[in-house]
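K.L.:
To start, I am sharing the structure in question, which I have written as structure tokens.
The values are calculated or read from the model by the stated rules, or taken from the named source; none is laboratory data. Predicted model only: the values in this text are computed from it and were never measured. Quick reminder, even Gly has a Cβ in these numbers, built from the backbone with ideal geometry, and neighbours come from all protein chains shown.
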Amino acid sequence: MVAQSDTNAPKPPKHFVDAAEPESVMLISSPPNTRSAVWGGLMTARAQSLGVKGVVIDGRCRDLSEHRESNFPVFARGHSILGQSPFTRPSELQIPLEIRDPTLPAGEPAFPSVTVNPGDILLADIDGVVAVPKDLVERVIELATEGRRVDGLCMDDLKAGKGIKETFALHRGK
């Protein structure tokens, strides 16, 4: 998405939702600090009819109850009652997107920007969203599996009354 006033940015040949691929998870990026939504209930209805699995929005959405009633996963930075068209418009499709936390100063070392490429794997739950490059999927699965195993051991020890410091030293080496 770009600002509606941006007349120089390209325009897609068809509506961005109509261009979605079946079985995909859509990633949409709006200009930083955009107050309006870039996704609503009508977009969810069309995406579902195309077989889209969900949407991740670097920006805001609206019509939260419609997404929930449709059982369609929508993950967004925030929500708004304002619609998309007066404020932003679609521009390019199937391009790498740089995702950066707009609340942090540019170049903040603790949270660098992340580039998500078409075909990367997007995983989301109530805690947030992770983008995994295609060529790192196997390694990420290995690391996540081991992390879950170690956390399970820690949870067992903590529930058994052991302290954090000793538990982490035993299982995490810290």
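K.L.:
What are the pairs, 6+ residues apart or on separate chains, where a residue within segment 50-68 that is assigned by TED's automatic domain parsing to the domain that holds Ala20 has its Cβ under 8 Å from a residue that is among the basic types (Lys, Arg) and assigned to a strand (DSSP E or B)?
P.N.:
Sorted first by the residue in segment 50-68, then by its partner, the pairs are Ile57/Arg77; Asp58/Arg77; Gly59/Arg77; Arg60/Arg77.
K.L.:
Here's something else I'd like to know. Identify all residues within segment 7-49 that are farther than 16 Å from Gln84 by Cα, part of a helix (DSSP H, G or I) and free of Cβ contacts under 8 Å to residues at least 24 places away in the same chain; write none if there are none.
P.N.:
Result: Ser49, single match.
K.L.:
Among the residues in segment 48-66, are any modelled with pLDDT under 95, closer than 21 Å to Ala131 by Cα and not hydroxyl-bearing (Ser, Thr, Tyr)?
P.N.:
No, because not a single residue in segment 48-66 is modelled with pLDDT under 95, closer than 21 Å to Ala131 by Cα and not hydroxyl-bearing (Ser, Thr, Tyr).
K.L.:
Right, another one. All but one of (1) of a type outside the set (A, V, I, L, M, F, W, C); (2) at negative phi; (3) surrounded by fewer than 20 Cβ atoms within 10 Å (Cβ to Cβ) hold for Thr34; which doesn't?
P.N.:
With respect to (1) of a type outside the set (A, V, I, L, M, F, W, C); (2) at negative phi; (3) surrounded by fewer than 20 Cβ atoms within 10 Å (Cβ to Cβ), Thr34 is out only on (3).
K.L.:
Scan segment 93-124 for residues that are farther than 23 Å from Lys11 by Cα, touching a residue at least 24 places away in the same chain (Cβ under 8 Å) and not in a loop (DSSP other than H, G, I, E, B) and jot them down.
P.N.:
Leu122, Ala124
K.L.:
Looking only at segment 18-47, how many residues end up being under 27 Å from Lys134 (Cα atoms), in contact with a strand residue (DSSP E or B) (Cβ under 7 Å, 6 or more places away or on another chain) and of a type in the set (Gly, Ala, Ser)?
P.N.:
Selection size over segment 18-47: 4.
K.L.:
Given the structure, is Gln84 at positive phi, assigned by TED's automatic domain parsing to the domain that holds Arg60 and not small (Gly, Ala, Ser)?
P.N.:
On the way: at positive phi: no; assigned by TED's automatic domain parsing to the domain that holds Arg60: yes; not small (Gly, Ala, Ser): yes.
Spelling it out, it is not the case that Gln84 is at positive phi, assigned by TED's automatic domain parsing to the domain that holds Arg60 and not small (Gly, Ala, Ser).
K.L.:
Restricting the search to segment 82-92, which residues are in a loop (DSSP other than H, G, I, E, B), modelled with pLDDT of 95 or more and within 23 Å of Ala124 (Cβ to Cβ)?
P.N.:
Matches in segment 82-92: Pro90, Glu92.
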